[in-house]
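K.L.:
There's a structure below that I have some questions on.
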Amino acid sequence: MLKIEHLKKRFGNQLVLDDISLEIDRGEVICIIGQSGGGKSVILKHIIGLMIPDGGRILIDGEEISSPTKKSSDFEKVRRRLGMLFQGAALFDSKNVGENIAFPLREHTAYSDDKINEIVAEALEMVGLQPSFRIKMPSELSGGMRSRVGLARALVMKPEIMLYDEPTSALDPIMTDKINDLILSLRDKLKMTSVVVTHDIASAYKIADKIAMIYEGKIIFSGTPAEIRASRNPYIQQFIRGQRKLHYAVGSESEEESALLRTVDVGQIKQRVTLDRKLRRDKSFDAASRDALTGLMGYQQFAAVMKDEIERSIAEQEPMALALFGIDMLKELGDRFGQQFCETVVREIGRKLGLSIRGSDSAGRFSSDEFGLILVKTDPALLDKTVDRIRKRLMEIVIKAPSGEEVHPVLSAGATMCGETNASVDVLGKAAGQALGRARQRGGNRVEVAEVPKSQQ
């Protein structure tokens, strides 16, 4: 639907976009990530016509909408197909919420006041705001509420493509999750194509069908969240692991938040870059290494990543844990509804797991009914709570069986911390596996945590 071909932009002597190419399908959510000042927002401004490229072109449904020969005025017709949520929402401070939302309708349509009021009310409802909000002034709103109003203003023109410029910037974890859920809800309800610029890798994992990473004006990665987590590119790994916003999409607790938010140690970052370079020399993984059904890492790749994380945990003296999740009674589900239904259950749980973890963690599929999760920088005292919250998030899935019955998969989990005496893939995997076995023996639908052994086995 939306295609960017060889886009180039220079400001003076600085080359900001250097041969950028992207293709976004209808109804897809793509997140563009990268460092601040890397050109992410410049891409959005080209899509919506606020900037004209020095080279390349942009097409919607095969029709060229932007190129060096186009003018900003040429965008008047196509701009109605586009909506944009600017960073900070960019509301008019002198207008109340209702007037802000109604502004594009008054500028670009001949609707009556009654029709405009009706559309404003629908937009407020769509972003989860009460009708009473329409008389509030922007100064009375929190950052999250301002973002919702800005989104409502963009939605009144019923855009086919929605552009988001840092929609969760400066928001707390809880409000960030609400905005992310809203983006997904709009995609599902309106089949809207979404382009999201963000530096928050956790948000990208939660909402993106595809992630593109820009570095020094070039796209250095484009693929699924599972693929970027498995990348051995040292810059990508430093970016996704260096994110200090390490809250879980499944919810947050103040004690865990304080445990995860640590001061950046420059020495540790340098040490990690050195290790990542070594890992890139030693290993190379491709799509064949991933599980075909879920898109998660296969066991061989997962084991190699776990070995790397064990080495990093010891080198940096940072806690690391392994959790195994098992689908309870999957065989029984197969007997009732067939093998194809079982594959649907496994695929949906794998997808949910990929969306329910932090950017610093890694997930893989171990067997027909088991998944593995590597948790870095996890407080041992919170391990059981952390794993249980992820387990419960996976159990939110509802799958309709061939009979029409709605099935809620049930999972058990086993987990263990990495310590000096069990710092190997085999020993760590055995301990987590035994904990998962105990959980199932005790009736399932629970979490068991294995203690760190006192000596290597």
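K.L.:
In whole percent, what relative contact order does segment 315-457 give with Cα contacts below 8 Å and a gap of six or more residues?
P.N.:
Working: 248 pairs, mean separation 42.5, N = 143.
Contact order relative to length: 30 percent.
K.L.:
To continue, here is another question. With everything on Cα atoms, drop me the angle between helix 143-155 and the longest principal axis of the chain, reported from 0 to 90° to the nearest 10.
P.N.:
For 143-155 against the chain, the angle is about 60 degrees.
K.L.:
Relative contact order (percent) for the chain, with alpha-carbon contacts under 8 angstrom and 6 or more residues of separation? Mind showing how you got there, number by number?
P.N.:
Working: 861 pairs, mean separation 59.5, N = 457.
RCO, the chain: 13 percent.
K.L.:
Could I ask something else about it? Helix 113-126 against the longest principal axis of the chain: what's the angle in degrees, Cα atoms only, rounded to the nearest 10?
P.N.:
10 degrees
K.L.:
For segment 306-457, what D do you get in µm² per second when you plug the Kirkwood radius from alpha-carbon pairs into Stokes-Einstein at 10 °C and 1.306 mPa s? Don't skip to the answer; put the middle values down first.
P.N.:
Values: Rh = 15.8 Å.
Once the numbers are plugged in, D ends up at 100 µm²/s.
K.L.:
Mind scanning 45/218; 178/352; 70/158; 3/136; 45/77; 115/352 and naming the pairs with a C-alpha gap bigger than 28 Å?
P.N.:
In this structure, 3/136; 115/352 lie more than 28 Å apart at Cα.
K.L.:
Suppose we keep just the alpha-carbon trace of the chain; what are its Rg and Dmax in angstrom?
P.N.:
In Å, with Rg to one decimal and Dmax whole: 23.7, 77.
K.L.:
Further, regarding this structure: Counting only GluC sites (Glu not before Pro) that sit in a DSSP loop (anything but H, G, I, E, B) with at most 15 other Cβ atoms within 10 Å, what is the longest stretch of the chain containing none of them?
P.N.:
Values: sites that count: 76, 216, 253, 396, 405, 420, 451.
It works out to 254-395.
K.L.:
Determine the alpha carbon to alpha carbon distance for each of 8/210; 191/400; 210/307 and list only those over 24 Å.
P.N.:
Working: 8/210 22 Å; 191/400 21 Å; 210/307 27 Å.
Cα-Cα > 24 Å for 210/307; rest within.
K.L.:
Which percent of Cα pairs goes in each bin when the distances of segment 18-72 are cut into 10 angstrom slices starting at zero?
P.N.:
21, 55, 24, 1
K.L.:
Another question, then. Around residue 330, what is the net charge, scoring Lys/Arg as +1 and Asp/Glu as -1 over all other residues with Cβ under 14 Å from its Cβ? Please list the in-between numbers first.
P.N.:
On the way: positive: 331, 336, 347, 365, 440; negative: 328, 332, 335, 343, 348, 369, 370.
Around residue 330, the surrounding residues sum to -2.
K.L.:
Determine the calculated [θ] at 222 nm for the chain from helices alone, applying -39500 (n - 2.57) to every DSSP H run no shorter than 4 residues and normalising by the residue count; nearest 500 deg cm²/dmol.
P.N.:
Working: 15 runs with 183 residues, N = 457.
-12500 deg cm²/dmol, from helical runs alone.
K.L.:
Using the alpha carbons of segment 2-223, what is the convex hull volume per residue in cubic angstrom, as a whole number?
P.N.:
Details: hull volume 27.6 nm³, N = 222.
Value for segment 2-223: 124 Å³ per residue.
K.L.:
Starting from the 7 Å offset along Cα-to-Cβ, what nm value, one decimal, do you get for the label separation of residue 311 and residue 130?
P.N.:
Placing both labels 7 Å along Cα→Cβ, they lie 5.7 nm apart.
K.L.:
In the chain, once you exclude exposed trypsin sites (Lys or Arg not before Pro) (DSSP loop, at most 14 other Cβ within 10 angstrom), what's the longest stretch remaining?
P.N.:
284-441
K.L.:
So what's the angle, to the nearest 10 degrees on a 0 to 90 scale, between helix 299-316 and the longest Cα principal axis of the chain?
P.N.:
90 degrees
K.L.:
For the pair residue 21/residue 396, report the inter-label distance in nm, with labels modelled 7 Å from Cα in the Cβ direction.
P.N.:
Placing both labels 7 Å along Cα→Cβ, they lie 3.8 nm apart.
K.L.:
What is the projected area of the convex hull of the Cα atoms of segment 149-222, averaged over all directions, in nm²? Display every interim value, and only then the final one.
P.N.:
Values: hull surface 21.7 nm².
Over all viewing directions, segment 149-222 projects a mean Cα-hull area of 5.4 nm².
K.L.:
When the Cα centres of segment 340-381 and segment 29-66 are compared, how far apart do they sit, in Å?
P.N.:
If you average the Cα positions of each part, the centres end up 33 Å apart.
Taken together, the values in this text are just the output of simple stated rules run on the coordinates, not laboratory data. Keep in mind the model is a prediction, meaning the values are calculated, not measured. Because the Cβ atoms are built from the backbone with ideal geometry, glycine has one as well, and the counts that use them run over all protein chains shown.
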